[in-house]
1. What's the carbon and sulfur percent of chain A's accessible surface, probe 1.4 angstrom, rounded to a whole number?
2. Using only the Cα atoms, work out Rg/Rh for the protein assembly as shown, with Rh taken as the Kirkwood radius, to two decimals.
3. Could you work out how far helix B:144-156 tilts from the main Cα principal axis of chain B, as a 0 to 90 degree angle to the nearest 10?
4. What is the interface area between chains A and B, defined as buried accessible area summed over both chains with a 1.4 Å probe, reported in Å² to the nearest 100?
5. What whole number of Å gives the distance from the Cα centroid of the stretch A:207-276 to the Cα centroid of the stretch B:162-184?
6. How much net charge surrounds B:GLU243 when only the other residues with a Cβ under 9 Å from the Cβ of B:GLU243 are counted, with Lys and Arg +1 and Asp and Glu -1?
7. Can you send over the solvent-accessible area of A:ASP214, 1.4 Å probe, protein chains only, in Å² to the nearest 10?
8. Looking at B:GLY32, B:GLN45, B:ALA12, which one has the Cα that reaches farthest to the positive end of the dipole of the stretch B:1-61 (charges on Cβ: Lys, Arg +1; Asp, Glu -1)?
Amino acid sequence: MVTTDVSVEQLERTARKLRRHIVKMLAIAGSGHPGGSLSAIDILTALFLGGIMRYDPKNPRWEERDRFILSKGHAVPALYAVLAEAGFIPEEWLWQLRKIDTPMQGHPSVKDLPAVEASTGSLGQGLSIGLGMALAARLDGRQYRVYVMIGDGESEEGQVWEAAMAASHFRVGNLTAILDYNRYQLDGAIGEIMSIEPIVAKWEAFGWAVREIDGHNMQEILDALHWAKEPREQPSIIIAHTVKGKGVSFMENNNEFHGKAPTQAELEQALAELAD
Amino acid sequence: MARPLGEATREAYGKALAELGRENPNIVVLDGDLSKSTMTKYFAQEFPDRFFNVGIAEANMVGIAAGLASAGKIAFASSFACFVMCKAFDQMRLAVAYSGNNVKIVGTHGGISIGEDGVSQMGHEDIGLALSLPGFVVMVPADAAETRAAVRAAAEHVGPVYIRVGRPKAPIVYENGCPDFQIGRAITVREGRDVTLIANGLMVAAALDAAEALEQEGISARVLDMHTVRPLDEATIEKAARETGAIVVAEEHLLYTGLASQVAMAVARLHPVPMRFVGLYDYAESGAPDALMRKYGLTADDIAREARELVNMRQKAAV
Ligand SMILES: Cc1ncc(C[n+]2csc(CCOP(=O)(O)OP(=O)(O)O)c2C)c(N)n1
Ligand SMILES: [Mg+2]
């Protein structure tokens, strides 16, 4: 179980370290998705290491644990980084990302790692699975919460909105979505490929409690996650405004790094920028 | 032994599409936020008015394609093979196959040779899904030249088509283009007497390599490029069964539902002979493409081993 007395500064330092892990594991793997991993890592750090989620790394399938689903599965380096920091997997495993005969699949796989809650990578599926878990908690009288991170591009999938409608219809107060609103998808800027605006109005119209934050401001992230835990009879969503590639100057808002690993030289520059 | 690598078949697809766009103003193209990977970007750059990027919404994409087709357009719609076939299957069933709409689905990143991205992005079952839709022509070209021919043939054919192409650079099978390409007509890429190797996609080059290795051992292997899985060239398969008496089918796909099962049905009905199958029985994993092809048994060695065993069996029986 996690401690709750960790400071914002400590979390920021941890997030910086995990950013180093992300670029390093991607450089070693030689492929993968830096942009959406770096935009998500502050939120994942707060969730797993900021005393928000209850879990037991020694018993990853503990029935009372809070669940986290990375629906935008291509950001799996961010997930692996927090899982290592939280003690679910050894840090050495990070350097095996995407290698054959290892559990470190290129997208989250429940079959390979017990700390992964849902196999994702086909965008659009995670929120429905999270809703199922949230409903099961209610049936079984369990107290756990379910968190699902979705992408802004991913929000173009119809299934996301089917899940959104069903979650408010079923009044699941123990389900929280987090939108990583980094303004880019694979082919370009969200606004140019397929706009999702007005996004706040959409989620409100679907019956969700909505809160908008700066997804790189640790205090705002923590406040929003505490807000999400408040008892209510409707699902909640945190719309996190983020920067794709955040923390590495040449990756920020540069969608070339949506799905391209850094070279050795780029890795060195990134590590220098991310040094403590 | 290994053949020189040519363009990836997805690259050839994208370029062929742009070429067709220049010739025929009736061609429209749709993509689901993967135009940089499916290579529909070439068409998009030249013909922005006839290109629709629908975002990450494959079911919607195929529905729109059906509507465009019903209004007289030739609609090509692309995403990764797994996403377009799995997410838009119902739309393909009712709005394309059953309705007979002139939609061409091109799934890229077929098979496991995409490598490191892993199972969620791999097309293990796309061909089987396409085959389960009556009326769909289903093609799996072997290299860039054949892909150009298949895309052109798909545009000319009136009715639903599925073409699977791949991510990695493909070994060159057709050095001088593929002028005789015809939907439903297998290409005999190597003559042989003792056994027939039937393959499509990347496995054609592997089968040719296997045939060369077998020749060193005195086994003469015929190789058929079965680029069209439906309509299946049953006449050429029957002839091969009669003349060589043994057949190995190789495909980069689950064996339950792809080329292998189609060929086996034809052989069982027309001229039963011993058969072996090289393909997948389960989902793969992340890893380097070549290492995955070895681990999951999709190499020239795997094909040669099965062929050798069939020939040895027959020799023992004859003694
Ligand atoms: C169903 C589906 N279609 C297409 C893809 C290919 N793909 C991978 S990432 C991506 C863009 C995702 O954009 P977004 O959700 O905004 O993620 P982020 O910007 O956080 O990386 C696409 C289209 C996929 N993984 N799943
Ligand atoms: Mg995004």
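1. Numbers: 5170 of 10440 Å².
Its accessible area is 50 percent carbon and sulfur atoms.
2. 1.01
3. Between the helix axis and the principal axis of chain B, the angle is about 50 degrees.
4. Chain pair A/B: roughly 1900 Å² of buried accessible area.
5. Cα centres, the stretch B:162-184 to the stretch A:207-276: 43 Å.
6. +4
7. 70 Å²
8. Positive-end residue among those listed: B:ALA12.
The values are calculated or read from the model by the stated rules, or taken from the named source; none is laboratory data. For clarity, every value in this text was computed on a predicted model and none was experimentally measured. Don't worry about glycine lacking a Cβ; one is built from the backbone with ideal geometry, like all the others, and counts go over all protein chains shown. Heavy atoms of the whole protein, side chains included, go into the accessibility calculation; ligands, DNA and RNA do not. Shrake-Rupley method; radii C 1.70, N 1.55, O 1.52, S 1.80 Å.
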